[in-house]
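Structure first, then comments.
The values are calculated or read from the model by the stated rules, or taken from the named source; none is laboratory data. Just so you know, these numbers come straight off a predicted model, no measurement behind them. Note: ideal-geometry Cβ built from the backbone for every residue, glycine included; neighbour counts use all protein chains shown. Just so you know, the surface numbers come from the protein's heavy atoms only, side chains and all, with ligands and any DNA or RNA stripped out. Shrake-Rupley method; radii C 1.70, N 1.55, O 1.52, S 1.80 Å.
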Amino acid sequence: MSEGLSFQSAPRISQRSSARFLVGAQSPAALDGPRRYGLVASYGLDPAVALAFFAHESSYGRRGVAARSPNWGNLRRGPRAYAIRGGFGSYHSWADSLQDWCELILN
């Protein structure tokens, strides 16, 4: 990995800015944004990186698989997924899939 490029870092974006991105994108994950921000930070991951993945993978949860099965990173599977549909995990909540995403990124 190139020096300076890491998923693990102190937050490079504020909780307020993160929430504004989700609201501005009309993301279904915008509700309870502070909790998700804290979840990512609790893993020592940069919330800006989590948002970048979310934007790239699903237009902030508005497109593709994520729009039908709250799946933060279009994960194929994860311990918190209650089902696998079309090859992707289906989750009960954005927080469940985000927790699986954090653990996948770290491991």
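When segment 78-97 is filtered for residues that are assigned to a helix (DSSP H, G or I), open to solvent by 20 Å² or more (accessible area, probe 1.4 Å) and in contact with a helix residue (DSSP H, G or I) (Cβ under 8 Å, 6 or more places away or on another chain), only W94 remains.
Can you confirm whether D100 is acidic (D, E), in a helix (DSSP H, G or I), open to solvent by less than 30 Å² (accessible area, probe 1.4 Å) and in contact with a Lys or Arg (Cβ under 6 Å, 6 or more places away or on another chain)? For D100, the condition - acidic (D, E), in a helix (DSSP H, G or I), open to solvent by less than 30 Å² (accessible area, probe 1.4 Å) and in contact with a Lys or Arg (Cβ under 6 Å, 6 or more places away or on another chain) - is met. Within segment 39-63, residues that are on the phi < 0 side of the Ramachandran plot sit with their Cβ atoms under 7 Å from residues that are open to solvent by 30 Å² or more (accessible area, probe 1.4 Å) and aliphatic (A, V, I, L, M), at 6+ positions apart or across chains, in these pairs: Y43/L106; L45/I105; P47/A41; S58/A67. Of all the residues in segment 59-77, those that are outside any loop (DSSP other than H, G, I, E, B) and either loosely packed, with under 15 Cβ neighbours inside 10 Å or acidic (D, E) (or both) number 3. Among the residues making up segment 6-23, those that are in contact (Cβ under 8 Å) with a residue 12 or more places away in the chain, assigned to a helix (DSSP H, G or I) and open to solvent by less than 60 Å² (accessible area, probe 1.4 Å) are S18, A19, L22. Please work out if H56 is in a helix (DSSP H, G or I) and surrounded by fewer than 19 Cβ atoms within 10 Å (Cβ to Cβ). In short, yes. Looking across segment 24-52, just one residue is among the hydroxyl-bearing types (S, T, Y), surrounded by 14 or more Cβ atoms within 10 Å (Cβ to Cβ) and assigned to a helix (DSSP H, G or I), and that is Y37.
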